[in-house]
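Quick notes on the structure that follows.
Each reported figure results from applying straightforward, stated rules to the coordinates on display, with no laboratory input. Because the structure is a prediction, the values reported are computed rather than measured. Heads up, the Cβs are rebuilt from the backbone with ideal geometry, glycines too, and the neighbour counts pull from every protein chain shown.
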Amino acid sequence: MYSTFFGLQIASRALSTQQAALDVTGHNIANANNKGYTRQLPNIQAANPLTFNAAGKPITIGAGSTMDSIIRARDSYVDRQFRWETSKYEYWAGKEQTLNMVEGLLNEPSDYSLSSDLNNFLNSWSELAKNPQNVGARAVLKERALTLVDTLHHIDNQITDMQNDLDANVSVTVSQINTIANQIKELNTQIKRSEAAMDNPNDLKDQRDALVDQLSKLVPVRVVETQDPGFTDRTVGNFKVIIGNESDVDNVLVDDQVVRQLQNPAPTVNGFSRVVWKALDAGDPDPDPNDPDNWVDLGNQMGELQANIEIRDQYLVNFRSQFDTFAEGMATAVNTIHQTGQGLEAEGITGIEFFTLIDDTQPFTAANITVNPLIRENLNRIATGTIPLDTTTDPPTHIQDDDGNDLLEVGDASVALDIASLSQGWEKLQAYLDPGDPMPLDAGSLGDFYGSVISQMGVDIQQAKRMAEGQSVLVNHMNNQRESVSGVSLDEEMANLVRFQKSYSAAARLVTMMDSMLDSLLGMGTTR
Amino acid sequence: MRVTNNMLTQNLLKNLASANNRMDLIQNRLATGQEITKPSDDPVKIGTVLRFKSSLASMEQWKANAGEASAYMDTTEGILNNMTSMLQRVRELTVQGANGSNSDSDLVQIAKEVDQLTEQFQVLANSQVGPKYIFSGTQINKPPIPPNTPTVLTQWDGNDKAYEFEVGPNVSISVSVEGTRLFGITDNGDGTQSSSFFNTLHKLSSSLNNADQDQINEALQEIDDQIDNVLGLRAELGAKSNRMQTVSDQMDNSILSMKKSLSDIQDADMAETIMEFQSVQNVYRAALSVGSQIIQPSLVDFIR
């Protein structure tokens, strides 16, 4: 026979089980709007039944319920998809953001842009050609040339600034990754301890998942969860986080309670921060950041970090070189013609360059170009006409005028006109070049070359924009999937609340009933 | 699929944000009147926009050049007109002098008037448009006839090169009348120049002073030649002036059609954009109104 108070025990278990279930529901409701929270489910099971012998055979009687565990409603497959799409989204969104800044910097098409500066510059040659001896027209030309050069300098500076900003981002990201890695390691320790004690550390796991989500914005990330072989009778997980290219065996950021850090502060090579692992064992020397093979393989078009590095190292470098090419082509074209001429002051056999280098040891670039200081000091040296040469002598000599001075032909504007014609193409320039010489730029004209740079930039931005838009739809979709599994539905929780409350009331009623039953039993022994 | 309250809120916010984005884009188009305000709006068209803008800037410049060239030629034409009437007067005087009924003192008087006109011709030869001497070829900063030159010209400080204006893609038109042709300048090869025009006038003046009838008759013939020369140059100038006018008109048309093409590519279709704005606005309003109804109630509101 079993205990008289068995029924009370069932009632008491029921009370505490339903109360725990109500608490879980309360916890869910309290965290309904908490990002990264996973809804928890009370896993109520029937308690171990009681078996006794009656009438010569065993009879098993139910012993009520117990709260076996509280589980998280989580789908690790959806998590993986979500993080994968997030990495892709952040890559394109990061790219789009920087490219938008590049677009804003160039300010095309507007009246305050390189293209209009170039048009103004070439047109002022045409204007000067009408009045070669007009100092006003010369001053306007000089100012427009300076504006054009300033714009090129400005673009070059801005590209450098952007690269520096991106570089600062890269080194901040590296230390962020290290911090997250350490936090994940700490959580791994706590979770393991808790799991080893057969507890369910749901909220700690939520925190860890949130950290991995955060990591997936910076770099592609993959989580591998396995059973800890040290435990065979209970579920204890090993949590491994791989970043970057997952096929690279070196790219394990956290393996259970071992964390591998990136070199922080990020080592700089050629002025730019690099992402390099630290040595795995504390005693070993760190991998050499100067060897590109040691740079962490960040995978293919994933994560904000990679977007920043790619734009800093490739896109902007390439972009700058196009402006360098443009500056060099423009300087070559204008100088080739300008050198054959003279202005209001006689030149020697050859004239002077219009654009000169700031640093003589370097070639023409967007940063290394300026208006010849001789011209800035003396506007009369802006060449407008050809130098009248007597070619019968060897070497040719400057033709003299009646007063014995070098002859000036102020009304000859052929040089100015030929420079102005650069807006149309190379037709006039060809006369100044040797046959077979290449044109200064691989395009129909200066403006065409610049136009193709702008078009290419537009295509790149559009691609980044479209990819980011597409990815954001996917991220949103995955987020909905995840929310569908893990999110708290208030309706559901309210329904549960009622359900568990009713159960609780019924269990309480059971206690009352048992009480009156025991009353009856105990009343049997009293004398009236 | 299980739908939670958070999903409803998040999706609503996302829809509102995307409607807002659309409205911002359309708002920009409406405010600027342009469909392409940045290269990424249409990378293909932006190349065309830049090329058209550059062509437009050049055309505006050529048009301004053509206008100035016309003004320059008008002034030149005025001077040639003056010269023609002055030459007519010289001819009248010559005819008068060739008439045998003049006394010697009459002829001297006529010679004096011819000398006066000669001096005036020298002034006209140094005519300027602004600071430019129009008959000195490309040496526009120097008066072709140096000061204190006697009526017989010995020095001409100009050349026979054309003074050109750019009025089209690699098209330059000479706007000047060459002083060397107008005044029949020849280089004597010894650093001096002589002018058939002024030689004729000098010959006329001296033959009048000397009452040499044969010489006067000869001079009359030469003056007719000079008048023909000036008229010929005037005709040439008129033709160039006409051409410049044509160029200017053409440029006007080209600018107009270029602007139209640019507008076709770059400008927003207002009616369409406004319609689009209306429709996006409707979507936005609908999202807001549905949102306000969806988010608020949950089971919480019904359990007491």
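Some points to look at:
- Rounded Å value of the spacing that divides the Cα centres of segment A:269-332 and segment A:100-146: 36 Å
- Annotation: lysines with alpha-carbon distance below 20 angstrom to B:Lys260 (same-chain offsets under eight excluded): B:Lys38, B:Lys45, B:Lys53, B:Lys63.
- Taking only Cα atoms of chain B, radius of gyration then Dmax in Å: 38.2, 139
- Mean projected area of the convex hull spanned by the Cα atoms of segment A:411-511, taken over all viewing directions: 13.2 nm².
- Mean separation of Cα pairs under 8 Å and 6 or more residues apart, divided by the residue count, gives chain A a relative contact order of 21 percent.
- Once backbone amide H atoms are built at 1.01 Å from N, B:Gln193 has B:Gln155, B:Trp156, B:Asn188 as its partners under 5 Å, excluding neighbours fewer than 5 places away on the same chain.
- Kirkwood radius, segment A:1-73, all distinct C-alpha pairs, inverse of mean reciprocal distance: 14.3 Å.
- Computed from backbone phi, the HN-Hα couplings of segment A:319-328 come to 4, 4, 5, 5, 6, 4, 4, 4, 4, 5 Hz, rounded to whole numbers (Karplus: 6.51 cos²θ - 1.76 cosθ + 1.60, θ = phi - 60°; Gly and Pro given as x).
- Calculated mean residue ellipticity, 222 nm, chain A: -18000 deg cm²/dmol, from DSSP H runs (n ≥ 4) at -39500 (n - 2.57) each, averaged per residue and rounded to 500.
- Normalised contact order of segment B:165-281, rounded percent, pairs of Cα under 8 Å and 6 or more residues apart: 16 percent
- Scoring A:9-17, B:263-271 by mean Cβ neighbours within 10 Å over their residues and listing the highest first yields A:9-17, B:263-271.
- Averaged over the residues of peptide A:130-139, the number of Cβ atoms from other protein chains lying within 10 Å of each residue's Cβ is 3.
- Degrees, to the nearest 10: A:114-130 long Cα axis against longest axis of chain A: 10 degrees
- The HN-Hα couplings worked out from phi for segment A:418-426 by the Karplus form 6.51 cos²θ - 1.76 cosθ + 1.60 (θ = phi - 60°) are 5, 5, 4, 6, 4, 5, 9, x, 9 Hz, whole numbers, x standing for Gly and Pro.
- Helix B:5-32 and the long axis of chain B differ in direction by around 20°, with both axes built from C-alpha atoms.
- Mean partner shielding of peptide A:363-372, defined as the number of other chain Cβ atoms within 10 Å of each residue Cβ, is 0.
- The three principal axes of the Cα atoms in the protein assembly as shown give end-to-end lengths of 186, 64, 37 Å, sorted in falling order.
- Distant-in-sequence amide contacts of B:Gln34, defined by a placed amide H-H separation under 5 Å and a gap of 5 or more residues or a different chain, comprise B:Ala268.
- Averaged over peptide B:154-162, the number of partner chain Cβ atoms lying within 10 Å of each residue's Cβ comes to 2.
- Average Cα contact separation per residue, segment A:204-283, under 8 Å, 6 or more apart, as relative contact order %: 17 percent
- Taking amide H as placed 1.01 Å from N in the peptide plane, the amide H of A:Asp228 sits under 5 Å from that of A:Val236, A:Gly237, A:Asn238, each at least 5 places away or on another chain.
- 0 to 90° range, to nearest 10: angle between helix B:104-125 axis and chain B longest Cα axis: 20 degrees
- Residues in segment A:192-212 that a label on A:Asn34 would reach, taking backbone N under 19 Å of a point 7 Å out along Cα→Cβ: A:192, A:194-195, A:199-212
- Phi-based couplings in Hz for segment A:288-299 (Karplus 6.51, -1.76, 1.60; Gly and Pro marked x): 6, x, 6, 8, x, 5, 8, 5, 5, 6, 8, x
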